[in-house]
Amino acid sequence: MRKALRWLLALVVLIGTLSTAGAASAAAADTDIKDRLLAIPGMSLIEEKPYPGYRFFVLNYTQPIDHRHPSKGTFQQRITVLHKDVSRPTVFYTSGYNVSTTPGRREPTQIVDGNQVSMEYRFFTPSRPAPADWSKLDIWQAASDQHRIHEALKPVYGQRWLATGGSKGGMTATYYERFYPHDMDGVVAYVAPNDVVNDEDSAYDRFFASVGTKECRDRLQAVQREALVRRESLKRKYEQFAATGGYTFTTIGGLDRAYEAVVLDYVWGFWQYSLLSDCTKVPADAAHATDQQIWDSVDTISGFSAYTDQGLETYTPYYYQAGTQLGAPTIDFPYIEKKLIRYGYQPPRNFVPRSIPMRFQPWAMRDVDTWVRHHARHMLFVYGQNDPWGAERFRLGTGAKDSYVFTAPGLNHGANVAGLVAEEKTLSTARILDWAGVASATVRNDPSAARPLARYDARLDRRDMEREPALRP
């Protein structure tokens, strides 16, 4: 009798608990999504922008400056939420730079027809602690930012999550997976460089010796060389350009250094952002081109404002990371006489104010590379055949499971799943759908049947890369 009473009492308690949980769940479902987001401790609203079929929020989230010592101060980190429905999967995106406050949908978000959370990378303004302790800008701290955001939003968006990003954002998604491998259900990393040994960059030289066609390479190299031959006359144009625009050159150490840096970026910048078909826009006879034609071609591809103080300022956090953990490429110019090159590819230290201390950590990228080779799970890396940054890329080892590295033929730094050959495109789409938990039985049995679940939206979907000046991934 006593056992029966205890069983009955336990049953009553269980029913009461389930009823309470059910009521709480129902109440949460009935609460407006904005209220649910703002109920998260540390979350505040900057603005909401309308978009048909979605809710789009620009938010601030309170983060520790140092995740190892949370009591030592906080800063406000911008994030955005493109809300579809809490019953849909969520894609966690970062460019590795500033966050866009305009509604946009990345390719995996369209494929899974899901929500999208986008994060501004720490130390990109306004998501910068004040005062800025630059030693707290590293890949683990940034991955920990993502981890805390995921932990905060997971109770709201309870379905599966995928991480994604392009270029530095693809690197960021990979580092996040390395440090918090249990957060995401899959990773789609686009055109993510992987500079394992910073001082060994011969892969880039091999790339530039064979990319595209000889005719196109010859055109580009001739313009680049001619810009150095005409250094003095074109520098006078640069001085006028700087005076008109109010540009200064304190960080890099002078206009001459900035001029050469822009010119040496020219060939790299073309292949990063242009297609082989764009070679027709490059002056065919550089030796007989006017100064204005040489200037215009270099400015269009490299951008003469890139190495001014004003151009560098926005990207100080990137150059700091390149000089402390990520590494930076150095290439040779065998087709240009040595006497024409005074500085060569300059190190990231030259692009960061001297008041910010920097020390390179060669073990950081080796650690990530080793982890990916041996532990990658549900990871997809997409590269462009003609993208210089893909010369040093992530590769998979025997320990990787359900992970892939694909190359889109003829594409550049904007390579994506849609640009892969048919078999790889459908396989990638099928794996993304499966990782997100929304693959149909048909797709699971036949990957060739895989298609994005949401229709393409010309305003919302971003097919091109977010253009940065050359030599910034």
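Here Tyr383 fulfils each of the conditions (1) assigned to a helix (DSSP H, G or I); (2) among the hydroxyl-bearing types (Ser, Thr, Tyr); (3) in contact with a helix residue (DSSP H, G or I) (Cβ under 6 Å, 6 or more places away or on another chain) apart from (1). Among the residues of the stretch 91-113, is there at least one that is assigned to a loop (DSSP other than H, G, I, E, B), within 17 Å of His147 (Cα to Cα) and open to solvent by 40 Å² or more (accessible area, probe 1.4 Å)? Checking the stretch 91-113: not a single residue is assigned to a loop (DSSP other than H, G, I, E, B), within 17 Å of His147 (Cα to Cα) and open to solvent by 40 Å² or more (accessible area, probe 1.4 Å).
In the stretch 391-414, the residues that are of a type in the set (Lys, Arg) reach residues that are assigned to a strand (DSSP E or B) with C-beta atoms within less than 8 angstrom, at least six apart or across chains, in these pairs: Arg393/Pro193; Arg393/Phe381; Arg393/Tyr383; Arg393/Val405; Arg395/Val405; Lys401/Arg377. Go through the stretch 218-245 and count every residue that is under 23 Å from Ser277 (Cα atoms), charged (D, E, K, R) and touching a residue at least 24 places away in the same chain (Cβ under 8 Å). Qualifying residue count, the stretch 218-245: 3. Within the bounds of the stretch 133-141, is there any residue that is under 17 Å from Leu82 (Cβ atoms), open to solvent by less than 10 Å² (accessible area, probe 1.4 Å) and in a loop (DSSP other than H, G, I, E, B)? Within the stretch 133-141 (the criterion being under 17 Å from Leu82 (Cβ atoms), open to solvent by less than 10 Å² (accessible area, probe 1.4 Å) and in a loop (DSSP other than H, G, I, E, B)), the answer is no, since none of the residues qualifies. Taken over the stretch 262-278, the criterion of being open to solvent by 10 Å² or more (accessible area, probe 1.4 Å) and more than 10 Å from Ile301 (Cα to Cα) is satisfied by Leu275, Leu276, Ser277, Asp278. Inspection of the stretch 323-343 identifies no residue that is surrounded by fewer than 16 Cβ atoms within 10 Å (Cβ to Cβ), among the small types (Gly, Ala, Ser), in a loop (DSSP other than H, G, I, E, B) and in contact (Cβ under 8 Å) with a residue 40 or more places away in the chain.
Here Val262 fits the description: assigned to a helix (DSSP H, G or I), β-branched (Val, Ile, Thr) and touching a Gly at 6+ places or on another chain (Cβ under 8 Å). Among all positions in the stretch 288-303, there is at least one residue which is of a type in the set (D, E, K, R) and either over 28 Å from the mean Cα position of the chain (by Cα) or surrounded by 20 or more Cβ atoms within 10 Å (Cβ to Cβ) (or both).
There is no residue in the stretch 29-41 that is at pLDDT 50 or above, in a strand (DSSP E or B) and under 41 Å from the mean Cα position of the chain (by Cα). For the stretch 412-431, state whether one or more residues are within 24 Å of the chain's Cα centre (by Cα), assigned to a helix (DSSP H, G or I) and within 17 Å of Arg88 (Cβ to Cβ). Yes, that holds for at least one residue.
The values are calculated or read from the model by the stated rules, or taken from the named source; none is laboratory data. This is a predicted model, so every value here is computed, not measured. Ideal geometry is used to build each Cβ from the backbone, glycine not excepted, and the neighbour counts take in all protein chains shown. Side chains included, ligands, DNA and RNA excluded: accessible areas come from the protein's heavy atoms. Shrake-Rupley method; radii C 1.70, N 1.55, O 1.52, S 1.80 Å.
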